[in-house]
Structure formats: structure tokens, C-alpha cells
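The values are calculated or read from the model by the stated rules, or taken from the named source; none is laboratory data. Nothing here was measured: the structure is a model prediction, and the numbers come from that model. Don't worry about glycine lacking a Cβ; one is built from the backbone with ideal geometry, like all the others, and counts go over all protein chains shown. For the accessible areas, the whole protein counts, side chains as well, though only heavy atoms, and no ligand, DNA or RNA atoms are used. Shrake-Rupley method; radii C 1.70, N 1.55, O 1.52, S 1.80 Å.
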Amino acid sequence: MGMEKRIHQTLFFQLLISTVGTISDANHEEFVQCMSSYSSGYLKTFKYLHAPSTPLYSSLLQSAEQNPRWLNSTSPKPMFIITPYSATEIQAAVICSKKHGLQIRIKSGGHDYEGLSFLCRTPFVIVDLVNLRSISIDLEDETAWIQSGATLGELYYSIAKKSSVHGFPAGLCPSVGIGGHFSGGGFGTMLRKHGLAADNIVDAYLIDVQGTILDRKTMGEDLFWAIRGGGGASFGVIVAWKIKLVRVPPVVTVFTIQKQLDQEGTKLVHKWQHIANKLPEDLFIRIVIQDSDVDGKSKQHTVKALFNSLFLGRVNELVLLMGKRFPELSLQAKDCIEMSWIKSILYFTGYQKEQPLEVLLDRTVQYKSYFKAKSDYVEKPISETALKGIRERFLEEKLVFMIMEPYGGKMGEIPKTELPFPHRKGNLYIIQYLVKWTVDGDSASEKRVNWIRILYKYMKPYVSRSPRAAYINYRDLDLGINEEGNTSYSRAMIWGRKYFKGNFKKLARVKTRVDPENFFRNEQSIPLLVH
């Protein structure tokens with residue numbers, strides 16, 4: 001190494017080390033040198049290793065986080081943010097973090113509801129996969145490889161640019177990162193036809209605790225099973241996924257019908273519960289219950305129910321079908337819009353049909369706000385009386401939502417043990433409860449979080465039990481958290497059975513085999529079975 005290069009590298013080390021916080025200067029320097037040793041030189045290291053004093057650190061910390069309640073002056077900050085350009089740099093991050101006693105957090109899109117992908121109670125680094133988002137589509141065998149830092153919007157856009165008759169059954173928010181979404185299961189408007197995103201994954205590249213890159217064959221079927229719905233962050237760093245594309249018709253039909261949640265609306269919601277999971281699998285009708293003043297412009301505070309639908313077919317067929325199966329909704333052709341599948345993504349996201357597909361490439365959230373969410377599964381229809389009680393509670397708060405998405409179809413055909421995600425046959429629908437607010441501060445936060453907890457308590461008699469189930473991608477620390485370090489299996493079962501039911505023990509068994517020292521851990525990571 002020449003003298004000039006050594007001088008520049010020394011200055012670079014000093015710049016990064018100048019932000020000493022939670023660990024010693026020596027450990028800072030050793031970590032930087034460790035990371036540098038895995039790159040081709042200090043200039044490359046400078047591109048992907050960011051300390052608090054470096055220009056991009058603050059913007060990286062804030063840009064991907066979609067819930068501002070976790071970004072405040074008291075939130076713990078990472079010693080470094082690493083933005084790798086290749087798997088080699090992720091390997092270095094794993095090896096160097098282990099060597100120097102640091103925890104590691106993996107972030108793909110920043111939509112982790114409880115901030116676990118970028119918060120830690122002990123010294124840590126963040127590996128932000130923002131630069132790893134290439135997408136390669138092979139229409140000949142109808143598959144695609146997607147790096148974990150890509151977003152759903154980028155995936156959908158890439159598919160649409162290649163084909164008008166292919167799609168993928170994943171979520172609706174285009175800024176959600178592939179890595180977290182797929183590893184938790186992932187579902188959207190085609191779940192009744194094609195199941196979860198995780199049901200359509202056929203291979204993956206994962207970096208394990210030793211820094212080794214594994215594919216499906218080398219990781220083995222148990223680990224491949226675990227990362228498709230069990231939360232990938234407990235087992236390693238998933239660099240990329242191979243998915244099986246699904247066929248979609250050239251024309252699909254959408255509609256949104258709005259009803260006040262008074263007597264008529266309540267009866268329609270009650271009826272929907274009895275039929276939504278039994279409809280043909282090409283038809284998805286969800287309900288969004290919300291207060292009427294979501295934009296802050298209404299003078300009257302009421303509660304409404306939106307019947308929001310995707311039909312994988314033409315409008316005439318849909319109107320006939322609804323006339324037979326759900327005549328109470330009185331759907332007419334004028335209520336419907338025919339469009340391509342990719343345009344339906346824009347529709348459900350809230351974009352206008354005329355907007356260009358390039359809006360799907362925007363990695364920022366359209367409507368960013370503070371929020372708290374919870375989830376439930378419903379196995380028996382909720383009575384009209386109970387639905388009226390929900391309406392009364394919605395009148396007490398603003399910016400509140402209850403999203404009810406039907407199961408049945410393909411979701412009822414896949415065995416509960418096929419993947420870690422166990423919520424299959426027997427569930428009528430899933431509920432996501434959501435409360436948002438725009439004012440920062442402890443009092444504003446406490447008020448809204450208390451409201452949603454009261455609603456959740458009210459719902460207890462009407463939802464699943466033994467356990468009261470929940471969805472891992474709607475992360476909720478109210479369900480229970482791990483002890484620091486190596487939490488006991490029995491302690492983790494408090495929350496684990498709610499997300500994974502009988503699959504939790506197998507997840508712990510896989511975890512014990514592939515990460516026996518529990519390096520990959522957080523407040524709701526899979527525990528070791530031996531503790």
C-alpha cells in the first residue's frame with residue numbers, strides 16, 4: 001500500500017472512530033479495520049460504512065423508517081450503518097459484529113411495526129439492504145430472483161414491464177421491503193387464489209452465523225422452511241429470494257363500495273362474514289372500517305365500512321356472481337372498474353389509474369404518521385351487537401382503522417405445517433387494527449396506544465383463542481418479549497404460540513441447530529430450544 005493511500009485510510013479510520021459512544025475507541029477502530037479487510041480498499045469501505053459523523057448516516061437512519069414514533073432523541077442509535085453492495089460485505093458485517101461483541105439489525109424497507117429492525121438495547125450495527133435490490137425475471141420458467149432490499153413496488157413494476165399476464169401474490173404497500181415481508185409470510189389481494197408470498201418461494205440465498213452463503217440445497221429443507229414465514233432475522237441474513245410468478249388475466253375488475261356503519265352497514269358486514277371465505281377464489285372482498293374524517297375535512301364524525309374488492313375476471317361475470325352470492329351489497333356494473341392487474345396495484349395503494357407505473361418505484365410512504373397496530377384471527381362470525389360495539393369505540397377516536405381480509409380458497413387448502421405461518425383452514429378472516437396520529441409526544445402516543453389496547457380487549461370474546469392468534473408481520477410487543485440475552489423457550493412461548501401455534505417448537509429446533517449461540521436475536525426472535 002502506498003504512503004498516500006495509507007494516509008487517506010488513516011484519515012478515514014479517524015473520521016469513523018470520532019463518533020465514540022457505547023464502546024471503546026480501540027473497538028471502534030478494530031471494527032472498521034475488520035470491515036475494511038473484507039473490501040478491496042478503503043474507498044470501497046467508505047461507500048458502505050457510515051458512522052454518525054459521516055454525511056449519509058442521519059438520512060439513512062430516517063429515510064427507511066415508516067413509523068416516526070421510534071425515531072426520537074432517546075432511541076438507541078447504531079454505532080455504524082452498513083449499506084452493502086454485495087454479499088461479501090454482509091458476510092463481513094456478520095463476522096466482524098460477532099468478533100467485536102456487537103448485535104446486528106437487518107433492514108430492508110423499514111416497515112417493522114415495532115422498530116426491531118433498527119433498534120437494540122445493546123451496542124449494535126444496522127445492515128441496510130437499500131443497495132441490494134436487483135430483480136431478474138425469467139418468463140421462460142416463470143420465476144424471478146429478487147434481492148431483499150427491493151420493494152414490493154419495484155417487484156411489481158419489474159414484472160409488469162416484462163409481462164401483462166404475470167403477477168405475484170404479495171402485499172399492497174409498494175414501499176415495503178421484500179426481505180421482511182417474504183420472511184413473515186406476506187399476503188395481499190390474491191391470497192385466496194395463490195396463497196402467501198412465502199407459499200410461492202422456491203429458493204433463497206442466506207448468510208448464516210458463520211458468514212457462509214447458503215442456498216436451498218446447502219441450507220437444508222428445515223431452514224428453508226423456517227425462513228418462509230418464521231421471520232428470517234432469527235436465522236441469518238437473507239440476501240435474495242427466488243419466487244414462482246403466477247398467471248393473472250389481462251383484465252381484472254375492482255370496486256369500492258362505501259356504507260355508513262349504521263344499521264344497514266352493520267348488517268352488510270355481518271353478512272360478509274358468512275360468505276367472503278366461501279366465494280370463488282378469484283374473488284377477494286375485504287372490509288376497511290374507519291372513521292369518516294381520515295383527511296381531517298369532515299364536519300361530522302361517523303364510521304364507515306368500505307367493501308374493497310379485486311376480481312380476477314371481467315365486470316359482467318363479477319356482477320352476475322355478486323347477484324347470486326352477495327345480492328345485499330347491490331353491486332352494479334357502474335360501481336366497477338376494469339383494468340390490468342398492475343393498475344389494480346395502483347388502485348389499492350391509493351394512486352389514480354392514470355398515474356404512471358413509475359410511482360411504484362418511490363420508496364417513501366405516501367401517508368407517513370405515528371401508528372400502533374395489532375391483529376386477530378376470526379373463526380366464527382361476530383354478532384351484529386358486537387359490531388355495533390366496535391362502531392361505538394371508533395367514534396371515540398380519529399384516524400382509526402380495522403381491516404378485515406378474508407381467507408378460504410387456497411388458504412384453506414395448504415396444511416398448517418407446510419410453512420411456519422399456521423393460520424390456514426378454519427379462519428374466516430384476519431383483522432388488522434390500526435390507530436394513527438400526527439402529533440409527536442408521550443401524551444399523544446399514550447392516548448392512542450391506550451385506545452387500541454382497549455379495543456383489543458373488547459374483541460377478546462369474538463376472536464380466536466387458545467392461543468389468541470396474531471400475524472408476525474403485524475409485530476406487536478404487547479404480546480410478550482424475550483429476556484435479554486438467551487431468553488428461555490418457555491418465556492418466548494408467551495408470544496411465539498400466538499404467531500406460530502404448533503410450529504413454534506420446530507422453529508426453535510431449527511434455530512438451535514443453525515445459530516446455537518443465539519447471535520441473531522431481538523425482543524421477539526426465535527429462542528434456543530435448550531434454554
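Write down the percent of antiparallel bridges among all DSSP beta bridges whose residues are both part of the chain, to the nearest 5. Walk me through the numbers on the way to the answer.
Numbers: 63 of 71 bridges.
Taking every DSSP beta bridge within the chain, about 90 percent pair in antiparallel fashion.
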**Message:** Rg and Dmax in Å for the range 301-434, alpha carbons only: what are they?
**Reply:** 17.7, 45
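Hey, can you rank 183-194, 476-487, 75-86 by average C-beta count inside 10 Å, highest first?
Numbers: 183-194: 26.2, 476-487: 15.4, 75-86: 20.1.
Averaged packing, sorted descending, gives the order 183-194, 75-86, 476-487.
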**Request:** Count charges around V359 for me, please; just the other residues with Cβ under 12 Å from its Cβ, Lys/Arg as +1, Asp/Glu as -1.
**Result:** -1
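Quick one: with all protein chains in place, what share of the accessible area of the chain is carbon or sulfur, to the nearest percent (1.4 Å probe)?
On the way: 10950 of 21480 Å².
Answer for the chain is 51 percent, counting heavy atoms of protein chains only.
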**the chain, dipole about Cα centre (Lys/Arg Cβ +1, Asp/Glu Cβ -1), debye to the nearest 20** = 1220
**Message:** Per-residue counts of other Cβ atoms within 10 Å, averaged by peptide: what ranking do you get for 328-335, 224-231, highest first?
**Reply:** 224-231, 328-335
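Of the peptides 167-174, 211-218, 433-440, how do they stack up when ordered by the mean number of other Cβ atoms within 10 Å, highest first? Numbers along the way, then the final one.
Values: 167-174: 22.8, 211-218: 15.1, 433-440: 17.4.
In descending order of packing, they fall as 167-174, 433-440, 211-218.
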**Asked** Summing Lys, Arg as +1 and Asp, Glu as -1, what charge do residues with Cβ under 15 Å from the Cβ of V315 carry, V315 excluded?
**Response** 0
**Request:** Report Rg (one decimal) and Dmax (nearest whole number) for the range 148-232, counting Cα atoms only, units Å.
**Result:** 13.5, 42
**Item:** Distance histogram for the range 233-355 (every C-alpha pair counted, 10 angstrom bins, percent rounded to whole numbers)
**Value:** 11, 35, 30, 16, 7, 0
**Asked** Binning every alpha carbon pair distance of the range 448-531 at 5 Å from zero, what are the percents per bin?
**Response** 3, 14, 24, 23, 16, 9, 7, 4, 0
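Can you quote the Å³ per residue value for the convex hull of the Cα atoms in the chain, rounded to an integer?
Details: hull volume 80.1 nm³, N = 531.
Taking only Cα atoms, the chain has a hull volume of 151 Å³ per residue.
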**Prompt:** List the lysines whose alpha-carbon lies under 26 Å from that of K161, not counting same-chain residues fewer than 8 positions away?
**Reply:** K193, K242, K244, K343, K353
**Prompt:** Among the Cys residues of the chain, which have no other cysteine Cβ under 4.7 angstrom away?
**Reply:** C120, C173, C336
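What does the charge count around T417 come to, taking other residues whose C-beta lies under 10 Å from its C-beta (Lys +1, Arg +1, Asp -1, Glu -1)? It would help to have the intermediate numbers written out before the result.
Numbers: positive: K416, R424, K501, K506; negative: E418.
Result for the neighbourhood of T417: +3.
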**Request:** Just need log10 I(q)/I(0) for the range 330-378 at q = 0.14, 0.19, 0.31 Å⁻¹, Debye formula, equal scatterers on the alpha-carbon atoms, no solvent, rounded to two decimals.
**Result:** -0.58, -0.83, -1.21
**Request:** Calculate how steeply helix 504-514 sits against the longest principal axis of the alpha-carbon atoms of the chain, using the helix alpha-carbon long axis, and give the answer as 0 to 90 degrees to the nearest 10.
**Result:** 20
**Request:** Express in whole angstrom the spacing between the alpha-carbon centres of the range 138-212 and the range 283-362.
**Result:** 23
**Prompt:** Starting at 0 and stepping by 10 Å, how many percent of the alpha carbon pairs of the range 424-465 end up in each bin?
**Reply:** 22, 42, 24, 11, 1
**Item:** Debye equation applied to the C-alpha atoms of the range 83-216, log10 I(q)/I(0) at 0.19 Å⁻¹
**Value:** -1.14
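Considering every Cα-Cα pair within the range 76-128, what fraction, in whole percent, is farther apart than 16 Å? It would help to have the intermediate numbers written out before the result.
Values: 503 of 1378 pairs.
When every Cα pair of the range 76-128 is considered, 37 percent fall beyond 16 Å.
When you have a sec, figure out the Kirkwood radius of the range 363-495 from all distinct Cα pair distances and drop it here in Å to one decimal?
Values: mean 1/r = 0.0600 Å⁻¹.
Hydrodynamic radius (Kirkwood, Cα pairs) of the range 363-495 is 16.7 Å.
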**Prompt:** Helix 152-162 versus the longest principal axis of the chain: what is the Cα-based angle in degrees, 0 to 90, to the nearest 10?
**Reply:** 80
**Fill in**
Once K368, K501 are ranked on solvent-accessible area with the largest value leading and a 1.4 Å probe, the list reads K368, K501
**Message:** I need the phi-derived Karplus couplings for the range 284-291: 6.51 cos²θ - 1.76 cosθ + 1.60, θ = phi - 60°, integer Hz, Gly and Pro marked x.
**Reply:** 10, 10, 9, 10, 10, 8, 8, 6
**Message:** Nearest 10 degrees is fine. How inclined is helix 442-459 to the longest principal axis of the chain, computing both from alpha carbons?
**Reply:** 50
**Asked** Between K47 and L306, what length comes free when the chain is fully extended (0.36 nm per residue of separation minus the Cα-Cα distance, one decimal in nm)?
**Response** 88.6 nm
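Can you tell me the accessible area per residue over the chain, all protein chains present, probe 1.4 angstrom, in square angstrom?
Numbers: 21480 Å² over 531 residues.
Using a 1.4 Å probe on heavy atoms only, each residue of the chain averages 40 Å².
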